[in-house]
1. When you scan region 27-46, do you find a residue that is among the small types (Gly, Ala, Ser) and either out of contact with any strand residue (DSSP E or B) (no Cβ under 9 Å at 6 or more places or on another chain) or on the phi > 0 side of the Ramachandran plot (or both), even just one?
2. Name the one entry in LEU11, LEU89 that is surrounded by 10 or more Cβ atoms within 10 Å (Cβ to Cβ) and either free of Cβ contacts under 8 Å to residues at least 12 places away in the same chain or among the aliphatic types (A, V, I, L, M) (or both).
3. Is there a residue in region 44-56 that is surrounded by 13 or more Cβ atoms within 10 Å (Cβ to Cβ), in contact (Cβ under 8 Å) with a residue 24 or more places away in the chain and not aliphatic (A, V, I, L, M)?
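Readers should treat all values here as calculations from the given coordinates under stated rules, not as data from a laboratory. Just so you know, these numbers come straight off a predicted model, no measurement behind them. All Cβ positions, glycine included, derive from the backbone under ideal geometry; neighbour counts span all protein chains shown.
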Amino acid sequence: MQPGLLPGDWLLVDPRAFAARLPRPGELVAALDPTEPSRWLVKRVAAITSDGRIELLGDSPEVSTDSRSFGAVEAGAIIGRPWARYWPLARIGPVS
């Protein structure tokens, strides 16, 4: 299965999507990379731990940097919900 997002995709992110609730398992999120905070990651929520931290997994586990390498992230690391790709033009459209 080919991942839904590819390197070089440019996305629109809704920063208010999780203002009133935590993301649910399976939802796509944009989050600060805990190993390089100036970088954003786009991952799926795998689980919410009992202490409120969020486990993130990439859609291509064999090549993804995700919670398997850096652990669960704080809810505050979630930036928002990616909802559309606007570049490249040939791949424009919603993401999920």
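1. No, that holds for no residue.
2. LEU11
3. Scanning region 44-56 turns up no residue that is surrounded by 13 or more Cβ atoms within 10 Å (Cβ to Cβ), in contact (Cβ under 8 Å) with a residue 24 or more places away in the chain and not aliphatic (A, V, I, L, M).
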